[in-house]
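Some notes on the structure that comes next.
The values are calculated or read from the model by the stated rules, or taken from the named source; none is laboratory data. Since this is a predicted model, take the numbers as computed values, not measurements. FYI the Cβ positions are ideal-geometry reconstructions off the backbone, even for glycines, and counts take in every protein chain you see.
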Amino acid sequence: MAMAWIAPVLAVGLTLGASLALFAGLGFPPLAAIHAYFVQPISSLRGLAELGVKATPLALCALGLGIGFRANVWNIGAEGQLTMGALAGGGVALACHGSGGWWLLPAMLAAGIAGGMAWAAIPAFLRNRYHTSEILTSLMLTYVAALFHAWLIHGPLRDPDGMGFPESRLFEPDALLPMLLPGTRLHIGALFVVVAMAAAWLLLARSFLGFQLKVAGLAPQAAALAGFDRHRLVWFSLLVSGGLAGLAGVVEVAGPIGQLSTTISPGYGFTAIIVAFLGRLHPIGMVLAALVMALSYLGGEAAQIALGLPQAVTGVFQGMLLFFLLASDVLVHYRVRRATPPLPG
Amino acid sequence: MTAVLFGCAATLSPTPAAAEDAASGPLKVAFVYVGPVGDHGWSYQHDLGRRAVEERFGGKVVTTMVENVSEGADAERVIEELAEAGNKLIFTTSFGFMNPTIKVAARHPEVMFEHATGYKRSPNVATYSARFYEGRTVVGLIAGKMTKSNIIGYIGSHPIPEVISGINAFTLALRKVNPKAEVRVVWVNAWYDPGKEAAAAKALLDQGADVICQHTDSPAPVQAAAERGAWSVGQSSDMTRFGPNSQLTSIVDEWDVYYISRVQAVLSGTWKPTDTWGGLKDKMLYLAPYNPALPKDVLELAEKARVDIMDGTLNPFAGPIIGQDGKEILPAGKTLSDADILRMNYYVEGVQGKLPR
């Protein structure tokens, strides 16, 4: 068990080592680059707040996905559920433009969660009713959501005073998340992460439903034999992950963005899959992994600003992190042995 | 609060020179790009402008750029970081950076901002764009002469006035020389997505288009047209090398002159939050060298149009302009005002399909 936790730490260490070599090879001072990458982004209050802002949608999506992955339910479409959540929540904000109140924000959050859930309910229904692979259906629905998003902001939700540009009006103050730290962009969405993390931990570690989910993932036949309702687990996994992705979406538009624009998420729903595995599908691990991943984005920007390091290095860095994680995983779980192949016949 | 944070960012900066820069050192100028510099289109041309600034001012100016910045929540952070890092002039070069730029500018009155293609200004935010449609007129004339199938494929990014006015200017010129030609538009809802752009180009070629135009940033459509032996028109940058036998010409954005003049304005203390909308005559865009395969009469037609637009004798949006439904939008003898062009939300006759709205 301890070894399972060593692998990610080892992977981060190896990535650091390899990045040093990479920076030096590219002709940048390696230590300054490492500093710009990992230290500078979080050496001010604003930087720490930005880390929280960036990690929030990643963590929310990953927490939901991780629960499903434990149960062998592969929701790959968190990006689409995030989009639908943002559109549902943002739609409520725009529909109530000019007539908001204290109730608007809770209504938006509820609509966001419902939007994500509704989008995830489709693969759940198809899986249970027709044995359709939720991997394919959830992924493909992401593109449907993207087109729906484009249609809405080019049409019904477009800012009437926006010169025809595809984005909505700016939300009114009633529709914006309160800030946690004045002077920064850290909004109360970060608290949702803490709540979701605690709830996910309670679910997986302390509840019978969590036990059923884990058994269904580790030993489907045993779960079936024990009479665990597979359909119910599929519904639960997809609705929870869809709801959390939808929450991530509405938190983005009601938080740092403040309107419905052409870009809501730069792929958080997909990155969250990496985050979930980097965090070993453990609620606390996934939140930590979201912070590491967020730092790698912030660091990429800081390194561009401070040293002119190309943006592609961020991608290389994330790739290395995953590569070393998988490699460490294999080497922690399996021993390399020289063996003579068995004789034929 | 801001002052405290600013102080702390400066002391934590890895280069000890940074703190001095803010006081008396070279002027720090930053650029934010929506695509990678290697898009060979929009962001690439802005980066050429940045390099022209460096070359022109030498040690008096230090530039920084951040590429591939998402238009969502990330933009505000990047612009804020650049302002905190002591940049005094920041160019944000995509429409989606408008609201983030305005927000950051309000917190940093000491920094001057320049936002490309937007419409919101403030005491320290200027806007600038180019009259891309002027190039479309010249290209439309060439396409009208060169097409054999009379079907032109046009790949659009987002249905915003800037792109729609390009489609209309192109179509008006196209049908002036070839009334039978029609334009088919595919929207990819992205500025830079080589995969989608190539797929759109192939779909249009399959429908019989033999000239491919694009208002997206990657050279993928030029490559797709070149593979099928069709003509193409590059965008933002000279894309000849991606289809030497295919690219008729390209509408190239040139930001060098503007960027140099704005940096100069900051250096000499005369910077104002202006709104600039320059065209061919302001050298904000030009046409890439014409394909050598163009017949002489087509070349002359194109060159004449280009020169006439520059000296004002040819207006790309001169009446009569007929809408898609056959109704007259503008009578003969009149021209559209800038405000009309900046609000354009209809197709002219000759464009197939419905404008998404």
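For A:Ser261, work out the one condition from (1) in contact with a strand residue (DSSP E or B) (Cβ under 8 Å, 6 or more places away or on another chain); (2) buried (at least 21 other Cβ atoms within 10 Å of the Cβ); (3) not aliphatic (A, V, I, L, M) it doesn't fulfil.
(1)
If you take the residues of region B:132-156 that are surrounded by fewer than 24 Cβ atoms within 10 Å (Cβ to Cβ) and either small (Gly, Ala, Ser) or part of a loop (DSSP other than H, G, I, E, B) (or both), which of them is farthest from the other protein chains (Cβ to nearest Cβ)?
Filtering first and then ranking leaves B:Lys148.
Among the numbered criteria (1) in the same structural domain as B:Arg136 (by TED's automatic domain parsing); (2) touching a residue at least 24 places away in the same chain (Cβ under 8 Å), which one does B:Trp271 miss?
Only one criterion is unmet by B:Trp271, namely (1).
Inspect all residues belonging to region B:313-327 and state whether any of them is outside any loop (DSSP other than H, G, I, E, B) and in contact (Cβ under 8 Å) with a residue 40 or more places away in the chain.
Checked region B:313-327: at least one residue is outside any loop (DSSP other than H, G, I, E, B) and in contact (Cβ under 8 Å) with a residue 40 or more places away in the chain.
For every residue, the table says whether it meets (1) touching a helix residue (DSSP H, G or I) at 6+ places or on another chain (Cβ under 9 Å); (2) polar (S, T, N, Q).
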{"residue": "A:Ala62", "(1), (2)": "yes, no"}
{"residue": "A:Ile67", "(1), (2)": "yes, no"}
{"residue": "A:Arg70", "(1), (2)": "yes, no"}
{"residue": "A:Ile76", "(1), (2)": "yes, no"}
{"residue": "A:Gln81", "(1), (2)": "yes, yes"}
{"residue": "A:Pro106", "(1), (2)": "no, no"}
{"residue": "A:Ala110", "(1), (2)": "yes, no"}
{"residue": "A:Ile113", "(1), (2)": "yes, no"}
{"residue": "A:Met140", "(1), (2)": "yes, no"}
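When residues of region A:264-280 are filtered for being crowded, with 22+ Cβ neighbours inside 10 Å and either assigned to a loop (DSSP other than H, G, I, E, B) or not aliphatic (A, V, I, L, M) (or both), how many remain?
6
Filter region B:96-124 down to the residues that are of a type in the set (Gly, Ala, Ser), more than 21 Å from the chain's Cα centre (by Cα) and buried (at least 21 other Cβ atoms within 10 Å of the Cβ) and list them by number.
So the first thing to find is which residues in region B:96-124 are of a type in the set (Gly, Ala, Ser), and the list is B:96, B:105-106, B:116, B:118, B:122.
Going one step further and asking which of them are more than 21 Å from the chain's Cα centre (by Cα), we end up with B:105-106, B:122.
Scanning region B:96-124 gives a single hit, B:Ala105.
Report, by residue number, each residue of region A:157-167 that is under 27 Å from A:Leu105 (Cβ atoms) and within 11 Å of chain B (Cβ to nearest Cβ).
From region A:157-167, those under 27 Å from A:Leu105 (Cβ atoms) are A:157-162, A:165-167; that's our starting set.
If the condition is that a residue be under 27 Å from A:Leu105 (Cβ atoms) and within 11 Å of chain B (Cβ to nearest Cβ), then A:Arg158, A:Asp159, A:Asp161, A:Gly162, A:Phe165, A:Pro166, A:Glu167 are the ones that fit.
Please work out which residue is farthest from the other protein chains (Cβ to nearest Cβ), limiting yourself to region A:19-63 and to residues that are surrounded by 24 or more Cβ atoms within 10 Å (Cβ to Cβ) and farther than 24 Å from B:Glu80 by Cβ.
Filtering first and then ranking leaves A:Leu63.
Being more than 21 Å from A:Ala93 (Cα to Cα), away from chain B (no Cβ under 14 Å) and in contact with a Pro (Cβ under 9 Å, 6 or more places away or on another chain): is that true of A:Ala196 here?
Yes, satisfied.
Looking only at region B:79-95, count every residue that is surrounded by fewer than 24 Cβ atoms within 10 Å (Cβ to Cβ) and either at the interface with chain A (Cβ under 8 Å from one of its Cβ atoms) or touching a Leu at 6+ places or on another chain (Cβ under 6 Å) (or both) and tell me the total.
Residues in region B:79-95 being surrounded by fewer than 24 Cβ atoms within 10 Å (Cβ to Cβ) and either at the interface with chain A (Cβ under 8 Å from one of its Cβ atoms) or touching a Leu at 6+ places or on another chain (Cβ under 6 Å) (or both): 4 in total.
Conditions tested, residue by residue: (1) among the hydroxyl-bearing types (Ser, Thr, Tyr); (2) out of contact with any Phe, Trp or Tyr (no Cβ under 8 Å at 6 or more places or on another chain); (3) part of a helix (DSSP H, G or I).
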| position | (1), (2), (3) |
| --- | --- |
| A:Trp74 | no, yes, no |
| A:Gly80 | no, no, yes |
| A:Met84 | no, no, yes |
| A:Ala111 | no, yes, yes |
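What pairs come up if the first residue lies in region A:188-201 and is without any contact (Cβ under 8 Å) to a residue 24 or more places away in the chain, the second is surrounded by 15 or more Cβ atoms within 10 Å (Cβ to Cβ), and their beta carbons are under 7 Å apart, counting only those six or more places apart or on different chains?
What qualifies is A:Ile188/A:Leu177; A:Ile188/A:Leu180.
Results for (1) within 14 Å of another protein chain (Cβ to nearest Cβ); (2) farther than 17 Å from B:Thr171 by Cα; (3) touching a residue at least 24 places away in the same chain (Cβ under 8 Å), shown as yes or no for each residue.
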{"residue": "B:Asp282", "(1), (2), (3)": "no, yes, yes"}
{"residue": "B:Leu301", "(1), (2), (3)": "no, no, yes"}
{"residue": "B:Lys304", "(1), (2), (3)": "no, yes, no"}
{"residue": "B:Leu330", "(1), (2), (3)": "no, no, no"}
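Only one of (1) without any contact (Cβ under 8 Å) to a residue 12 or more places away in the chain; (2) part of a helix (DSSP H, G or I); (3) closer than 30 Å to A:Glu172 by Cα fails for A:Arg129. Which number is that?
For A:Arg129, the exception is condition (3).
So is B:Ala52 surrounded by 24 or more Cβ atoms within 10 Å (Cβ to Cβ) and part of a helix (DSSP H, G or I) or not?
no
Each row is one residue, and each column tells you yes or no for (1) in contact (Cβ under 8 Å) with a residue 12 or more places away in the chain; (2) closer than 22 Å to A:Ala200 by Cα.
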position: A:Phe38; (1), (2): yes, no
position: A:Ser44; (1), (2): no, no
position: A:Gly47; (1), (2): yes, no
position: A:Glu50; (1), (2): yes, no
position: A:Phe69; (1), (2): yes, yes
position: A:Asn75; (1), (2): yes, yes
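Would region A:140-156 turn up any residue that is buried (at least 19 other Cβ atoms within 10 Å of the Cβ), free of Cβ contacts under 8 Å to residues at least 40 places away in the same chain and within 14 Å of another protein chain (Cβ to nearest Cβ)?
yes
Which condition does A:Ser99 not pass, out of (1) under 30 Å from A:Pro160 (Cα atoms); (2) within 14 Å of another protein chain (Cβ to nearest Cβ); (3) of a type in the set (Ser, Thr, Tyr), if it passes all the others?
It is condition (2) that A:Ser99 fails.
Out of all the residues in region A:298-311, is one or more surrounded by fewer than 19 Cβ atoms within 10 Å (Cβ to Cβ), part of a helix (DSSP H, G or I), at negative phi and without any contact (Cβ under 8 Å) to a residue 24 or more places away in the chain?
So far as region A:298-311 goes, no, none of its residues is surrounded by fewer than 19 Cβ atoms within 10 Å (Cβ to Cβ), part of a helix (DSSP H, G or I), at negative phi and without any contact (Cβ under 8 Å) to a residue 24 or more places away in the chain.
Going through A:Val253, A:Val234 one at a time, which residue ends up being buried (at least 24 other Cβ atoms within 10 Å of the Cβ) and either under 16 Å from the mean Cα position of the chain (by Cα) or modelled with pLDDT of 95 or more (or both)?
A:Val253
Could you please find all residues in region B:58-77 being at the interface with chain A (Cβ under 8 Å from one of its Cβ atoms), of a type outside the set (Ser, Thr, Tyr) and in a strand (DSSP E or B)?
Across region B:58-77, the qualifying residues are B:Met65, B:Val66.
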